[in-house]
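Report on the following structure.
The values are calculated or read from the model by the stated rules, or taken from the named source; none is laboratory data. Keep in mind that what you see is a predicted model, and the values were worked out from it rather than measured. Here the Cβ positions follow ideal geometry from the backbone for every residue, glycine too, while neighbour counts run over all protein chains shown.
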Amino acid sequence: MSENLPSQLGEFVSPPRRIVCLTEETVETLYLLDEQERIAGVSGFACRPKEARQKLRVSAFTSAKIDKILELRPDLVLGFSNLQADIARDLIRAGVNTLIFNQRSVGEIFQMILTLARIVGREEAGLELAGKLREGLERVADSAWRFPRRPRVYFEEWMEPLISGIRWVEELIEIAGGETIFPELRYQHDAMRRTVSPRDVAAAGPDVIIASWCGRKVNKALIRGRAGWETIPAVKHGHIYEVKSTYILQPGPAALTEGVLQLHDLLARLAGIKPSAGLHPLERMDADFDNAPQAP
């Protein structure tokens, strides 16, 4: 009976050889799995690891060079979220296998990593990677348990309108030792359903404002100058900081490592605690972090 099977069967069961990644997190995951040779094209925002910058760039976040992607003849294109639905539609119409992940929580980030590992035939490597990432988060959480108090955090994902943090960001803030001021909004997938009013933020009175404006540089003077915000403890004491979107707004390994470490470093200072050994960020942080109070 096996003689009647099509000769292409081997191609059907082998992992994809030419993958295009429309967002950063799948690029970094493939590198961490040592499967970077499968990457044929990447998002223009891909920068982790630095070697990823040498890959051909074929997309932004909500737009892509469809013709350029088709020229690469990928056997799989990977994307993220409903915001890439139009790109996915065009690729599917062109006959390209396309998978759009939609992870919104820390747990779903781990699911994405394990799924991608299985897709490229590296399930055991995926389990090992997930184990290391989980261990890192547990170390951060253990360190945060030493805080005498948990600073109250307003995370600002966008500035007009004001949009509070997506679920994985809010969860990482809590793991890092903070208390979020709008915990109920994290479950809204649509960013516009996570909008808050300036009055809501002022009434909540956060100890610290952490902003990451989807790739745009944060304007702290704008935040400080909002009407009615002069009485907010974070504004009054100058605790307004930026975490780069690359580290916190891409739902993948960067957020689970550098992103949470930057959050923890800042929150530990505000709580008057030194982070546990080995939990300091590796990348350059907001220069104003140096003005945050230092633990004795």
Worksheet item: Looking at region 223-246, which of its residues are part of a helix (DSSP H, G or I) and within 19 Å of Ala191 (Cβ to Cβ)?
Response: Ile223, Ser245, Thr246
Discussion item. So, Leu222, is that one out of contact with any Asp or Glu (no Cβ under 6 Å at 6 or more places or on another chain) and either free of Cβ contacts under 8 Å to residues at least 24 places away in the same chain or more than 24 Å from Arg199 (Cβ to Cβ) (or both) or not?
Written reply: no
Worksheet item: Restricting attention to region 56-68, does a residue exist that is part of a loop (DSSP other than H, G, I, E, B), assigned by TED's automatic domain parsing to the domain that holds Glu35, more than 19 Å from the chain's Cα centre (by Cα) and surrounded by 14 or more Cβ atoms within 10 Å (Cβ to Cβ)?
Response: yes
Worksheet item: Quick one: is Asn97 within 15 Å of the chain's Cα centre (by Cα) and either within 25 Å of Leu129 (Cβ to Cβ) or charged (D, E, K, R) (or both)?
Response: no
Discussion item. Quick check on this structure: which one of Glu283, Glu230, Glu242 is within 26 Å of the chain's Cα centre (by Cα) and free of Cβ contacts under 8 Å to residues at least 40 places away in the same chain?
Written reply: Glu283
Discussion item. Take Ala255 and tell me if it is touching a residue at least 60 places away in the same chain (Cβ under 8 Å) and either out of contact with any strand residue (DSSP E or B) (no Cβ under 7 Å at 6 or more places or on another chain) or not in a loop (DSSP other than H, G, I, E, B) (or both).
Written reply: yes
